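Participant: The following block contains the structure, expressed as structure tokens.
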Amino acid sequence: MASTRTAIITGSTSGIGLAIANALAADGCNIVVNSFTDTEQDKSIAGKIAGRHGVEAVYLKADMARPDECRALVEKAAGTFGSVDILVNNAGIQHVAPIEELPVAKWDAIIAINLSSAFHTIAAAIPLMKTAGSGRIVNIASAHGLVASPFKSAYVAAKHGIMGLTKTVALEVATHGITCNAVCPGYVLTPLVEAQIPDQMKAHGMDRETVIREVMLNRQPSREFATVEQIGATVVFLCSPAAAQINGTHISVDGGWTAA
Ligand code: NAD
């Protein structure tokens with residue numbers, strides 16, 4: 001492993017991905033920030049992370065819906081920093097609708113961004129990690145990788161898929177000093193969750209506060225949102241020496257949701 005580890009976090013200009021980027025930077029990693037939007041604000045995020053934590057950070061645009069851009073992201077990161085030690089597959093989107101009303105384009109985009117992108121980035125990163133003799137892959141799945149909810153067929157299918165991908169990759173790389181695990185958050189109040197509140201209100205015929213209380217946090221026995229910082233700290237742990245023998249499994253950060 002290089003003396004300073006390099007971490008790629010897909011979809012890291014917002015929400016959970018941004019918190020993971022900050023947490024890994026605080027742990028001393030050089031950081032590759034990614035999104036598909038390529039705005040001035042996106043680009044400024046890398047500078048802020050570098051300044052705050054005294055590491056190097058770059059912004060690399062790549063659309064996780066496009067296989068070629070997923071693979072190129074890993075190659076560009078290795079070209080920039082000389083290694084890819086940590087890969088966090090975090091980019092994800094959501095669309096809430098009954099299955100018969102779910103647009104085909106939304107199904108295809110969710111499967112591409114939430115599942116297939118991880119296949120492409122992992123496939124590109126593993127040869128580099130094998131050469132280095134070490135590596136950490138963390139896939140941000142969801143409680144919906146373990147259980148289902150109505151009106152989220154594409155999301156639940158993609159998240160269950162990434163759990164299977166996580167286990168399979170773990171078996172393939174276990175003798176190479178590489179681990180592959182998933183983190184399964186429950187509800188975390190990020191822009192992704194904010195954006196689905198209106199659709200949930202429509203699907204369930206409820207107002208905003210009732211959706212939050214009865215639909216979202218009703219599933220979370222703690223009755224509290226998980227925080228982005230808690231997800232970041234969980235990823236840091238999975239990337240630490242203490243987690244070297246944790247492989248092919250998941251950590252739920254869901255306030256007890258999936259214990260039921
Ligand atoms: P968010 O909407 O705040 O952030 C999503 C990030 O992904 C953004 O940086 C966005 O630019 C990026 N992104 C979206 N489409 C992309 C694409 N095509 N290419 C590259 N980047 C793209 O979402 P979040 O809530 O922080 O979610 C992050 C991950 O955590 C997702 O995989 C989501 O499914 C998962 N998750 C979230 C929650 C939650 O409650 N927020 C719960 C469980 C799992």
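Participant: Sort 46-57, 110-121 by packing, meaning the average of other beta carbons within 10 Å per residue, with the highest value first. Numbers along the way, then the final one.
Facilitator: On the way: 46-57: 16.9, 110-121: 23.5.
Descending packing order for the listed peptides: 110-121, 46-57.
Participant: Ignoring ligands, DNA and RNA, please state the percent of accessible area on the chain from carbon and sulfur, probe 1.4 Å.
Facilitator: 57
Participant: Test of the criteria: in the range 199-260, which GluC sites (Glu not before Pro) are in a DSSP loop and have at most 15 other Cβ atoms within 10 angstrom of their Cβ? Can you show the working numbers first?
Facilitator: Details: sites: E209, E214, E224, E229; in loops: E224.
When the GluC sites (Glu not before Pro) of the range 199-260 are filtered for loop state and at most 15 Cβ neighbours within 10 Å, E224 remain.
Participant: Using a probe radius of 1.4 Å on heavy atoms only, what accessible surface per residue do you get for the chain? Whole Å² is fine. Numbers along the way, then the final one.
Facilitator: Details: 11030 Å² over 260 residues.
With the other protein chains kept in place, the chain gives 42 Å² per residue.
Participant: If the label point is 7 Å along Cα→Cβ of D207, which residues in the range 187-201 have backbone nitrogen under 19 Å from it?
Facilitator: Those under the cut-off are 197-201.
Participant: Then there's this: Can you tell me which of 147-159, 3-15 comes out highest on packing, and rank the rest after it, using the mean Cβ neighbours within 10 Å? The partial results should precede the final answer.
Facilitator: Details: 147-159: 20.0, 3-15: 23.8.
In descending order of packing, they fall as 3-15, 147-159.
Participant: Positive end of the charge dipole of the range 1-150 (Lys, Arg +1 and Asp, Glu -1 on Cβ, about the Cα centre): tell me which of L18, P150, A132 has its Cα farthest that way.
Facilitator: In the range 1-150, that residue is A132.
Participant: Which stretch or stretches of the range 117-148 have amide N atoms under 18 Å from the point lying 7 Å from E75's Cα along the Cα→Cβ direction?
Facilitator: 117-131
Participant: Would you be so kind as to identify all helices of the chain, as entire DSSP H runs, whose Cα atoms reach 18 Å or more along the helix's own axis and whose mean Kyte-Doolittle hydropathy is at least 0.5?
Facilitator: Qualifying helices, which must be both long enough and hydrophobic enough, are 117-132, 153-173.
Participant: How much accessible area does L165 have with a 1.4 Å probe, in Å² rounded to the nearest 10?
Facilitator: The accessible area comes out at roughly 40 Å².
Participant: Give me the base-10 log of I(q)/I(0) for the range 152-220 at each q in 0.11, 0.23 Å⁻¹, Debye formula, one uniform scatterer per Cα, rounded to two decimals.
Facilitator: -0.41, -1.02
Participant: Which value in deg cm²/dmol, rounded to the nearest 500, describes the helix-derived mean residue ellipticity at 222 nm for the chain, given -39,500 (n - 2.57) per DSSP H run of n ≥ 4 and division by the residue count?
Facilitator: So the helix-based figure for the chain works out to -13500 deg cm²/dmol.
The values are calculated or read from the model by the stated rules, or taken from the named source; none is laboratory data. On a predicted model such as this, the values are computed, not experimentally measured, just so you know. Positions of Cβ are backbone-derived with ideal geometry, glycine not excepted, and every protein chain shown enters the neighbour counts. Just so you know, the surface numbers come from the protein's heavy atoms only, side chains and all, with ligands and any DNA or RNA stripped out. Shrake-Rupley method; radii C 1.70, N 1.55, O 1.52, S 1.80 Å.
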